[in-house]
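So the structure is just underneath, and the comments pick up after that.
The values are calculated or read from the model by the stated rules, or taken from the named source; none is laboratory data. Source: prediction; values computed, not measured. Glycine also receives a Cβ, built like all others from the backbone with ideal geometry; neighbour counts cover every protein chain displayed. Note: accessible area is taken over every heavy atom of the protein model, side chains too, but ligands, DNA and RNA are not part of it. Shrake-Rupley method; radii C 1.70, N 1.55, O 1.52, S 1.80 Å.
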Amino acid sequence: MSIGFLGSIHWSGKSIAADKTLKVNGQRIESRIMELAKFGRDEDGHGYRVAFTKGDIEGRAWFMDLMKNAGLEVNIDAGGNIVGKRKGKNQSLKPIAFGSHIDMVPDGGNYDGTLGSISALEVIEMLNENKITTDHPLEVIIFGNEEGGTIGSKALAGLLTAEGLKNKSQSGLTMAEGIKAIGGDPDNIQSCLRKKGDLHAFLELHIEQGGILENENLQIGVVEGIVGMMDWDVMIEGFANHAGSTPMNMRKDALLAASKLVVAVNEVINSVPGKQVGTVGKIASLPGASNVIPGKVTLSLEIRDLSIEKVDTLFNEIQKRAATIASDSKVNITFQPQFTIKPALANKPLLEKINSSAKGLGFTTKFMQSGAIHDSQNMSLIAPMAMIFVPSVGGISHSPKEFTKAVDMTNGANVLFQAILSVDKG
Ligand code: GLV
Ligand code: MN
Ligand code: MN
């Protein structure tokens, strides 16, 4: 190991430089990504490590063992977040926190969340192997149920309400039941609260999940802002009746009304200029028989934009269209709000530190926005926050075809490592 002479990282108790020749072990990152991918995998090789399911619980146990082996003091907080602590030279300083999530969407990919989680652990391994003690204490945080509405980070930032705990998660359990299943304490949720100023900074490395970096042949994204999002469960109630003996003009077909609503959502979202997106990603029709007119349909609706006011305006428009569809189709349509995640801006000085760390390693960078939701946006309410992106091949994510090249994962982890050393100095 070579040692430079700038900065103030402690090595074997001595103050030494942040050494740019120290490089993360990319092979270890890649093999751990592949190991983690085995948890929750079905017999066809698809990943279902959905929060609160067996795969999630087992994957978390595996990850916690790695954290403990790396010398972290590991606990699960009341919100179900895994928190691993490493002491700093100066315990009176606020901790620098970094991490991501290891739960996934159904039939998801192997890199969303896992890259930031495994790279956070890699930073700790690097510090251990090079006998570096940072000035600030460090915390690796692996958030619970990111994909179901950033539930763990919401709990941590004081945004998880009693109502929110009652919502159903993708696993079928309520959020409260699920948090309990992963070792949290929903009855005492406020005990995991972090106040503004409790952390020195929060950093998250993540795959881009879009195609901008790849298209522009760039190595590192420096994330300036993350979109906000609102999510609803929609219920359409018609009347289930015989599909042969009920004439077309006497039906209350919930699926027909739902189909009109899906089209209306698309039309409303496209009716104004901007980068807003709206999606109906989930639908269930009951009773679900070819010879029965659908009597009840449930579907999901989510709308995202950098302006939460715009999301609200678009939703109001969708509600108006829904009222017309309901009366034309003789059905009842109700919208049950599930969660809101506010847009977030990254901290400018932190962005600069990430950008100069990346440039210092010789990488090309781009300041950009995130259209995906991240725990980082809840963390921005309590700490200066910034994110690092690396390219996603083909811009594909939330899909088994999600892929990020090993070299890009390694680049991202090196930037995370250098950025943490740099933040520790500042
Ligand atoms: C989380 O990955 C989201 O953007 O939905
Ligand atoms: Mn993610
Ligand atoms: Mn995701």
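For each pair in K23/K85; K23/K94; K89/K353; K94/K195; K38/K401; K20/K366, compute the distance between the two Cα atoms and list the pairs where it is over 18 Å.
K23/K85; K23/K94; K89/K353; K20/K366
Rounded to the nearest Å, what's the spacing between the alpha carbon centres of segment 309-388 and segment 242-257? Just the number, please.
Comparing the Cα centres of segment 309-388 and segment 242-257, I get a distance of 39 Å.
Please give the peptides 263-271, 225-233 ranked by average Cβ packing (other Cβ atoms within 10 Å per residue), highest first, as a rough proxy for protection.
With the highest mean Cβ count within 10 Å placed first, the list reads 225-233, 263-271.
222 nm [θ] for the chain, helices only, -39500 (n - 2.57) per DSSP H run of 4+, per residue, to 500?
My calculation for the chain gives -10500 deg cm²/dmol from helical runs alone.
For F239, what is the net charge nearby, where nearby means another residue's Cβ is under 10 Å from its Cβ and Lys, Arg count +1, Asp, Glu -1?
The answer is +2.
Go ahead and run the numbers for FRET between D65 and D107, Cβ-Cβ distance against an R0 of 25 Å, rounding to 0.05.
With a Förster radius of 25 Å, E is 0.40.
Under 19 Å from a label point 7 Å along Cα→Cβ of N128: give me every residue in segment 61-77 with its amide N that close.
Answer for this model: 61-76.
Dimensions of segment 314-426 along principal axes (Cα, Å, largest first)?
Sorted largest first, the three principal extents are 63, 34, 19 Å.
Run through the DSSP bridge list for the chain and note the antiparallel percent, rounded to the nearest 5.
Expressed as a percentage, antiparallel bridges in the chain total about 70.
Nearest 20 debye, what's the magnitude of the dipole of segment 291-376 about its Cα centre given +1 on Lys and Arg Cβ and -1 on Asp and Glu Cβ?
The dipole magnitude comes to about 160 debye.
Rounded to the nearest percent, how much of the accessible area of the chain (1.4 Å probe, protein heavy atoms only) is carbon and sulfur?
53 percent
What is the helix-to-structure angle for 348-360, meaning the angle in degrees between its Cα long axis and the longest Cα principal axis of the chain, kept from 0 to 90 and rounded to the nearest 10?
With both axes taken from Cα atoms, the answer is about 60 degrees.
At a 10 angstrom cut-off on C-beta neighbours, averaged per residue, how do the peptides 73-85, 150-162 rank from highest to lowest?
In decreasing order of mean packing, 73-85, 150-162 become 150-162, 73-85.
Mind listing the long-range amide H neighbours of G99? Cut-off is under 5 Å, sequence gap 5 or more, other chains count too, H placed in the peptide plane at 1.01 Å from N.
I141, L203, L205
Could you pull out every one of the aspartates and glutamates with an alpha carbon less than 13 Å from that of K330, ignoring same-chain neighbours closer than 8 positions?
E237, D253
Principal axis lengths of the chain from Cα atoms, whole Å, largest first?
85, 42, 41
Collect residues whose amide H, placed 1.01 Å from N in the peptide plane, falls under 5 Å from the amide H of M385; neighbours closer than 5 in sequence don't count.
F202, N347
Taking only Cα atoms, what is the 0 to 90° angle, nearest 10, from helix 406-425's long axis to the longest principal axis of the chain?
It is inclined by approximately 60 degrees.
Among residues other than S300 whose Cβ falls under 9 Å from its Cβ, what is the net charge (Lys/Arg +1, Asp/Glu -1)?
Residues close to S300 contribute a combined charge of -2.
Please list, in chain and number order, the residues 5+ apart from L22 or on another chain whose amide H is under 5 Å from its amide H, with Hs placed from the backbone.
none
Can you give me the accessible area per residue for the chain, using a 1.4 Å probe, in Å²?
Computed with neighbouring chains in place, this is 43 Å² per residue.
Using only Cα atoms, tell me the angle between helix 54-69 and the longest principal axis of the chain; keep it within 0 to 90° and round to the nearest 10.
Once rounded, the angle reads 10 degrees.
Please sort 26-37, 48-59 by packing, taking for each peptide the average over its residues of neighbouring beta carbons within 10 angstrom, highest first.
The peptides rank, most packed first, as 48-59, 26-37.
Could you name the lysines whose alpha carbon sits less than 17 Å from that of K180, not counting residues in the same chain fewer than 8 places away?
Correct list for K180: K54, K154, K166, K168.
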